[in-house]
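Here, each number is a calculation from the coordinates, and none is a lab measurement. Quantities reported herein were computed from a predicted structural model and do not represent experimental measurements.
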Amino acid sequence: MNEFDQNKLDALLDQKAFAEARAYVESYFRQSSGPQEKAASATDIGLLYLKMVNKINRRYLESLKSTADLLEKVQAAKSRVNDAFKVAKLKSEVGGAQ
């Protein structure tokens with residue numbers, strides 16, 4: 001049984017070549033024939049699953065952090081606009097009272 005090439009799978013996924021990535025994984029795991037190879041294959045499936053879940057979770061966390069940063073910027077801009085409206089309102093009230 002050939003050794004699984006994680007870098008090849010990562011490259012396919014980064015290129016969004018999902019059909020090719022799936023075919024690569026399926027062909028790798030179809031190679032196992034004997035009980036030891038099937039056991040090794042099952043272990044590899046578990047490891048692959050954990051690596052993929054971790055990669056997905058890292059990207060999701062990065063996305064959440066990016067969204068949180070963007071929301072902070074939006075909130076700061078909203079606060080500046082509200083402050084500008086308050087200042088303009090006060091100026092008009094002070095100017096109208098004279």
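Within straight cross-link reach of Lys91, meaning Cα distance under 16 Å, which aspartates and glutamates are found once same-chain residues fewer than 8 apart are removed?
Asp83
What 222 nm value per residue comes from the helices of the chain, counting each DSSP H run with n ≥ 4 as -39,500 (n - 2.57) and dividing by all residues, nearest 500 deg cm²/dmol?
Working: 3 runs with 85 residues, N = 98.
Rounded to the nearest 500, the figure is -31000 deg cm²/dmol.
For Lys86, give me every one of the lysines with a C-alpha distance below 22 angstrom, ignoring sequence neighbours fewer than eight places off in its own chain.
Lys73, Lys78
Using Cα centres only, tell me the gap between the stretch 9-35 and the stretch 55-98 in whole Å.
46 Å
Under 14 Å from the Cα of Lys55, which aspartates and glutamates turn up, not counting those fewer than eight places away in the same chain?
Those aspartates and glutamates meeting the cut-off are Asp10, Asp14.
Once the cut-off is 15 Å, how many percent of the Cα-Cα pairs in the chain end up in the long-distance tail?
On the way: 3570 of 4753 pairs.
When every Cα pair of the chain is considered, 75 percent fall beyond 15 Å.
Rounded to the nearest whole Å³, what is the per residue volume of the convex hull around the Cα atoms of the stretch 3-48?
Details: hull volume 2.7 nm³, N = 46.
Residue-normalised Cα hull volume stands at 58 Å³.
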